[in-house]
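Novice: Supplied in structure tokens, the structure appears directly below.
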Amino acid sequence: MMATADLAMKKPVYLDYSATTPVDPRVVDAMIPFLREDFGNPASRSHAYGWKAEEAVEAARAHVADLVQCDPKEIIWTSGATESINLAVKGAAHFYKEKGRHIITVRTEHKATLDTCRELEREGFEVTYLDVKDNGLIDWDVLVAACRPDTILISVMYVNNEIGVIQDIPRIGEWCREKGIIFHVDSAQATGKVAINLQALKVDLMSFSAHKTYGPKGMGALFVRRKPRIRIEAQIHGGGHERGMRSGTLPTHQIVGMGEAFRLAKLEMAVENDRIRSLRDRLWKGLSEIEAVYLNGDLDHRVPHNLNVSFNFVEGESLLMGIKDVAVSSGSACTSASLEPSYVLRALGRSDELAHSSIRFSVGRFTTEQDIDFTVALLKEKVAKLREMSPLWEMFNDGIDLNTVQWAAH
Amino acid sequence: MAYSEKVIDHYEHPRNVGAFDKQEPDVGTGMVGAPACGDVMKLQIKVNKEGIIEDARFKTYGCGSAIASSSLVTEWVKGKTLEQAMTIRNTQIAEELALPPVKIHCSILAEDAIKAAIEDYKSKHGAETSERIKAA
């Protein structure tokens, strides 16, 4: 695999697989024919071009269903996890609004869920945003206490995008089924990382993304359970594609890419996750040798790919500048459009300065040991350099408790 | 985010990083900002008998633009009288470093740091009645 080898030694070292993954070269190869000769519209029933495209779309649907163990008929194609989440949450809320108007979600959800819930609030729904424990996991008692007779929907992410923690989806599913509450799970960060069995899980709606699992961007899917049947109201109207739930001509090449990516994930995830876990653990072992570093989020209930670390007394964006040969994300306010530090880390009860000092490392298919060792050495050097010029580090070493200082906030 | 060449230069080769003993009578110390906001600047000036700033030091916790702004002002204040240093404006800093709008607060903080350091020095040499401790 040429492209794989290319990426392995490339600079900057890519450790931002939770933001997006490169498209696996095998996936690209599967997609190309559907951009060239096999360009037909899968909805064209009258000729071979259409038949060929439809066949490819259905094969891909079967691959996606196979990874998460559901019926292919339960998979709806969308443009990505954001659309899937919008369709699931708004679609279910709109369809079942006569039954109740209360929705439960979690503070640490992705903005796709939080902003969708905000929109539903504007429409007159009531939403409870659950706090999490300081390890990022849902407090069971808090969830149970939030449920009301008019609760129609609970939406929880399987794997958190910033800290990689895995929520107890099986248990929440059992609870929802017992109470007759629809359960939506955002699995954008979970596919290929966590084994998902929708025959066993009491989940009604589940959102997927292709590009977090080595497929193309702009492609996603939504699982809509048939037994017991879950109804959703379409959010995009038109030619009645995808059984009326999502109109629009199907992007055959994108679908083929997602199918191939998920097929490979099913095939390789067990071996791959072991390898990635050992790389992640090697990274944490190296970084934890630095003084005053903190791991954000539970280490045990966590995908093997993710490491989220706060380097106290060093501001995240300045650290990113120093380690520009490594591509990572920061929870620092300065790297986002808003001026607030990561709301996920704040929800964990982390102080603002630890949130500002956080870096998310996410390891993936093409990461090597050399990449990890290079990253650890660079971090050690740059953290030391920035602490040399940090007044907070100086105060810390002088024994001053920073919490007792009267800061001139601005 | 793309940084200007000058910001990168100051970040990679910061001028005058370090600290003076803040108890020394010829040293003025200003500390501004807050960790919760993502930036804290400590600026120190050493003033000679003629009232001229002959040396300066800084330490900054903050983004690259905050580090560059404080590094730059340590260069600018050197050789200036206290009155001249007081006239440094954040707009000049922002212009010199080509800061984008979201980073203007870094230049404001640097201007505040100069003023705080000068004020601290003056309080040591004015009516020495109350010892003012900046932030720390």
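None of the figures in this text is laboratory data; all of them are computed from the coordinates on show. Source: prediction; values computed, not measured. Cβ: placed from backbone, ideal geometry, glycine included. Neighbour counts: every protein chain shown.
Novice: Compute the angle between helix A:169-179 and the longest alpha-carbon principal axis of chain A, please, reported from 0 to 90 degrees and rounded to the nearest 10.
Specialist: 50 degrees
Novice: Can you give the calculated 222 nm mean residue ellipticity of chain A, where each DSSP H run of n ≥ 4 adds -39,500 (n - 2.57) and the sum is split over every residue, rounded to the nearest 500 deg cm²/dmol?
Specialist: Only helices count here, giving -12000 deg cm²/dmol.
Novice: So, one more: Go ahead and collect, in residue order, the members of region A:248-262 whose backbone nitrogen is under 11 Å from a label point 7 Å along the Cα-Cβ direction of residue A:41.
Specialist: A:248-250
Novice: Given H placed 1.01 Å from N in the peptide plane, which residues other than close sequence neighbours of residue A:13 have an amide H under 5 Å from its amide H?
Specialist: Placed amide hydrogens put A:326, A:327 under 5 Å from residue A:13.
Novice: So for each of A:200-212, B:62-74 I average, over its residues, the number of other beta carbons within 10 Å; can you give me the resulting order with the highest mean first?
Specialist: Packing proxy ranking, top to bottom: B:62-74, A:200-212.
Novice: Using a 10 Å cut-off around each Cβ of peptide B:39-45, what is the average number of partner chain Cβ atoms that fall inside?
Specialist: Details: counts 7, 11, 1, 6, 1, 0, 0.
The mean count of partner-chain Cβ atoms within 10 Å per residue comes to 4.
Novice: Could you tell me the center-to-center distance, by alpha carbons, between region A:199-274 and region A:18-42 in angstrom?
Specialist: 16 Å
Novice: Nearest 10 degrees, 0 to 90: what angle lies between the long axis of helix A:81-95 and the longest principal axis of chain A (Cα atoms)?
Specialist: 60 degrees
Novice: For region B:1-104, state which GluC sites (Glu not before Pro) are in a DSSP loop and have at most 16 other beta carbons lying within 10 Å of their beta carbon. It would help to have the intermediate numbers written out before the result.
Specialist: Working: sites: B:5, B:12, B:50, B:54, B:75, B:83, B:95, B:96; in loops: B:50.
Filter output for region B:1-104: B:50.
Novice: Set the Förster distance to 25 Å, then compute FRET efficiency between residue A:19 and residue A:134 from the Cβ-Cβ distance, nearest 0.05.
Specialist: Given R0 = 25 Å and the Cβ-Cβ separation, E is 0.50.
Novice: Once amide H atoms are placed 1.01 Å from N in the peptide plane, what residues at a sequence separation of 5 or more from residue A:408, or on another chain, have their amide H within under 5 Å of its amide H?
Specialist: B:33
Novice: Further, regarding this structure: May I ask you to evaluate 6.51 cos²θ - 1.76 cosθ + 1.60, the Karplus curve with θ = phi - 60°, for each residue of region A:343-355 and list the ³J(HN,Hα) values in order in whole Hz, giving x for glycine and proline?
Specialist: Running phi through 6.51 cos²θ - 1.76 cosθ + 1.60 with θ = phi - 60° gives 5, 5, 5, 5, 5, 7, x, 5, 5, 4, 5, 5, 5 Hz.
Novice: Residue by residue, what Karplus-based ³J(HN,Hα) values in Hz, rounded to whole numbers, does region A:195-203 have, using 6.51, -1.76 and 1.60 with θ = phi - 60° and x for Gly and Pro?
Specialist: In residue order, the calculated couplings are 5, 10, 10, 6, 6, 8, 6, 8, 10 Hz.
Novice: Which of the three applies to region B:1-40, rounded, prolate or oblate, going by the alpha-carbon gyration tensor with a ≥ b ≥ c and a/c under 1.5 meaning rounded? The partial results should precede the final answer.
Specialist: Details: a/c = 3.92, a/b = 1.60, b/c = 2.45.
Oblate shape, in that a/c is at least 1.5 and b/c is the bigger or equal ratio.
Novice: Follow-up question, since we're still on this one. Relative contact order of chain A, please, whole-number percent, based on alpha carbon pairs below 8 angstrom and at least 6 residues apart.
Specialist: Numbers: 788 pairs, mean separation 87.7, N = 410.
For chain A, the relative contact order is 21 percent.
Novice: Suppose we keep just the alpha-carbon trace of region A:171-263; what are its Rg and Dmax in angstrom?
Specialist: In order Rg, Dmax, the Cα atoms of region A:171-263 give 14.3, 41 Å.
Novice: Over region A:247-364, what portion of Cα pair distances is larger than 23 Å, expressed as a whole percent?
Specialist: Details: 2970 of 6903 pairs.
Of all Cα-Cα distances in region A:247-364, 43 percent exceed 23 Å.
Novice: Please compute, for the alpha-carbon atoms of region B:33-134, the extent along each of the three principal axes and give them in descending order in Å.
Specialist: Ordered largest first, region B:33-134 gives principal extents of 40, 28, 18 Å.
Novice: What Kirkwood Rh does region A:273-318 have if only Cα atoms enter the pairwise 1/r average? Answer in Å. Walk me through the intermediate numbers first.
Specialist: Details: mean 1/r = 0.0873 Å⁻¹.
Final number for the Kirkwood radius of region A:273-318 is 11.5 Å.
Novice: Could you tell me the relative contact order of chain B? Use alpha-carbon pairs under 8 Å, at least six residues apart, and round to a whole percent. Don't jump to the answer; show the numbers that get you there.
Specialist: Numbers: 252 pairs, mean separation 38.9, N = 136.
It comes to 29 percent, rounded to a whole number.
Novice: For region A:222-285, which trypsin sites (Lys or Arg not before Pro) are both in a DSSP coil and crowded by at most 15 other Cβ atoms within 10 Å?
Specialist: Qualifying residues, ordered by number: A:226, A:229, A:231.
Novice: Something else about it: At a 4.7 angstrom Cβ threshold, list every cysteine in chain B that has nobody to pair with, or say none.
Specialist: B:37, B:106 - these cysteines have no disulfide-compatible partner (Cβ-Cβ under 4.7 Å) in chain B.
Novice: Could you compute the longest span of chain B free of trypsin sites (Lys or Arg not before Pro) located in DSSP loops and having at most 14 other Cβ atoms within 10 Å, not counting the site residues?
Specialist: The longest such stretch corresponds to B:1-48.
Novice: Now, a different point. Whole-Å semi-axes of the protein assembly as shown's equivalent ellipsoid, largest first, each the root of 5 times a Cα gyration tensor eigenvalue?
Specialist: Here the semi-axes work out to 52, 26, 21 Å.
Novice: Now a separate question. Once phi is turned into ³J(HN,Hα) by the Karplus curve 6.51 cos²θ - 1.76 cosθ + 1.60 with θ = phi - 60°, what whole-Hz value does each residue of region A:21-28 show in order, with x for glycine and proline?
Specialist: For region A:21-28, the Karplus curve yields 10, x, 6, 4, x, 5, 5, 4 Hz.
Novice: Related question: In the structure displayed, which of A:90/A:193; A:99/A:217; A:324/B:122; A:90/A:212; A:11/A:52 lie more than 30 Å apart, Cα to Cα? Walk me through the numbers on the way to the answer.
Specialist: Details: A:90/A:193 27 Å; A:99/A:217 36 Å; A:324/B:122 42 Å; A:90/A:212 23 Å; A:11/A:52 40 Å.
Listed pairs above 30 Å: A:99/A:217; A:324/B:122; A:11/A:52.
Novice: Which semi-axis lengths, in whole Å and largest first, follow from the square roots of five times the eigenvalues of the Cα gyration tensor of region A:73-130?
Specialist: Output for region A:73-130: semi-axes of 19, 15, 9 Å.
Novice: With point charges of +1 on the Cβ of Lys and Arg and -1 on the Cβ of Asp and Glu, referenced to the Cα centre of the protein assembly as shown, which listed residue (A:175, A:308, A:137) lies farthest in the positive direction of the dipole?
Specialist: In the protein assembly as shown, that residue is A:175.
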